[in-house]
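Visitor: Please see the structure below; I have some questions.
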Amino acid sequence: MSTGFEDFQKVGKDSVETALKSVDAFSKGFQQIAADTADYSRQSFEAGSAAFEQLIGAKSLDKAVEIQTAYFRSAYQDYVGQVTKVGEIVADMARTAYKPYEAAFGRFGK
């Protein structure tokens with residue numbers, strides 16, 4: 001009778017360990033997203049400030065349009081890069097969080 005209880009206890013322990021590994025993967029992923037977003041925000045603010053300073057110092061309308069166009073192009077490219085980076089982090093986070101369950105489900109299939 002005790003082997004049934006011990007088996008039940010082991011399954012519960014394995015389930016908790018699997019869930020903790022999954023939660024850890026999500027936690028690390030969200031920390032990385034937060035850090036990358038903070039860096040992106042800082043860089044974006046600095047680039048915007050620099051473009052604004054250049055815009056104020058522009059001697060002609062043509063030069064102002066050129067500065068503004070360059071800034072928008074750069075801001076768009078940076079944004080697309082950031083979104084791609086976050087997408088990769090989320091995909092990696094999902095893969096990493098699923099691995100402990102994949103191993104657990106693999107045991108049941110055998």
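What follows is calculated from the coordinates using simple rules that are stated; it is not laboratory data. Since this is a predicted model, take the numbers as computed values, not measurements. Because the Cβ atoms are built from the backbone with ideal geometry, glycine has one as well, and the counts that use them run over all protein chains shown.
Visitor: Evaluate the distance, in nm, between pseudo-label points positioned 7 Å from the Cα of Glu6 and of Gln54 along their respective Cα→Cβ axes.
Guide: For Glu6 paired with Gln54, the spin-label model returns 7.2 nm.
Visitor: Pop the C-beta distance of Phe45 and Lys13 into the FRET formula with R0 = 35 Å and round what comes out to the nearest 0.05. Spell out each step's value before the answer.
Guide: Working: r = 48 Å, r/R0 = 1.37.
Once rounded, the FRET efficiency stands at 0.15.
Visitor: Once you compute Rg and the Kirkwood Rh from C-alpha atoms, what is the Rg to Rh ratio for the range 19-109? Intermediate results must be reported in sequence, preceding the final value.
Guide: Working: Rg = 20.9 Å, Rh = 16.0 Å.
My calculation of the ratio gives 1.30.
Visitor: Oh, and also: Separation between the Leu20 and Gln68 pseudo-spin-labels, each 7 Å from Cα along Cα→Cβ, expressed in nm?
Guide: Distance between the two pseudo-spin positions: 5.8 nm.
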